[in-house]
Amino acid sequence: MTADDATCRSPLSAAADRLAAATRASGGGLRLAELPFLTQIDLRLDPKGPAAEAAGLALGVPLPLEPCTVARSGDLAVLWLGPDQWLVVGPPGVQEDVEARLRKAAGEAHVSVTDVSAQRTTLLVSGPRARDLLAHGCSLDLHPRVLAPGRCAQTSLARTQVVLVARDEARAGFWVLVRSSFAGYLADWLLDAATEYV
């Protein structure tokens, strides 16, 4: 099933109106929205092998090797998730293209390229109060000197496993990548915690 399929519903389609209402009620302090159907490709390979450089060339940006960093090329973001694991995030509907480019670049090398787009959805949490809102349920230090734009972290938010991505200055705020099965719970939690700012 693809995002173009008329029967496809995002995990948070039922919460869209409540997220938009909280955004309006915050008076510009917060923006809460789902970014549904983003392409997400899990990439596992030896970072010191030739496939790493080839994958970087195929994506248009070298794979980030520093822990918890993000590299960008156009509409693609490459998140460091572990010493030999990255998550490539892109706009909806490009998963087949990205997956094919990575497989071709890898050649005969031992790699894993897996489309995990249906595994998670993405919440956008932005605005001047975004860090404050997330801090209610996250034990990480979210101060910009620690989780600055271009950084990411796997952590718990409201007892839910997520990947937090600090977006660059032009796109202020965070992506919160959450498993689809926990998305409704996390949206409810964010809306409840946001009442302090509306």
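Give me the net charge for the shell around Val61: Cβ to Cβ below 15 angstrom, other residues only, Lys and Arg +1, Asp and Glu -1.
On the way: positive: Arg72, Arg101; negative: Glu53, Glu66, Asp75, Asp168.
Summing Lys and Arg as +1 and Asp and Glu as -1 gives -2.
Surface listing: Ser139, Ser26 arranged by accessible area from highest to lowest gives Ser139, Ser26, probe 1.4 Å.
Farthest toward the positive end of the dipole of the chain, out of Phe37, Pro144, Ser10, is the Cα of Pro144, where the dipole comes from beta carbon charges about the Cα centre.
For n ≥ 4 DSSP H runs only, could you compute -39500 (n - 2.57) per run for the chain, divide by its residues and tell me the 222 nm figure to the nearest 500? After summing the helix terms and dividing by residue count, I get -8000 deg cm²/dmol. Potential lengthening of the chain between Asp46 and Arg103 amounts to 19.1 nm, from the contour at 0.36 nm per residue minus the alpha-carbon distance. Between the range 11-28 and the range 111-144, the alpha-carbon centres lie 17 Å apart. Residue-normalised convex hull volume from the C-alpha trace of the chain: 113 Å³ per residue. In a reduced charge model with +1 at each Lys and Arg Cβ and -1 at each Asp and Glu Cβ, the range 81-197 shows a dipole moment near 140 debye about its Cα centre.
Give, rounded to the nearest 20 debye, the magnitude of the charge dipole that the chain has about its Cα centre when Lys and Arg contribute +1 at Cβ and Asp and Glu contribute -1 at Cβ. Could the numbers behind the result be given before it?
Numbers: 19 positive and 22 negative charges, 84 e Å.
The calculation lands at about 400 debye.
Note on Asp75 and Ser156: their simple-model spin labels are 3.6 nm apart, each label 7 Å out from Cα toward Cβ. Computed over Cα pairs, the Kirkwood radius of the range 142-198 leads via Stokes-Einstein (0.692 mPa s, 37 °C) to a diffusion coefficient of 269 µm² per second.
Scan the range 27-79 for trypsin sites (Lys or Arg not before Pro) in coil per DSSP, keeping those whose Cβ has at most 12 other Cβ atoms within 10 Å, and list them by number. Walk me through the numbers before you get to the answer.
Working: sites: Arg31, Arg44, Lys48, Arg72; in loops: Lys48.
Passing both the DSSP loop test and the Cβ count: Lys48.
The values are calculated or read from the model by the stated rules, or taken from the named source; none is laboratory data. Everything numeric in this text was worked out from a predicted model, so none of it was measured. Cβ: placed from backbone, ideal geometry, glycine included. Neighbour counts: every protein chain shown. These accessible areas exclude ligands, DNA and RNA; they are computed on the full protein's heavy atoms, side chains included. Shrake-Rupley method; radii C 1.70, N 1.55, O 1.52, S 1.80 Å.
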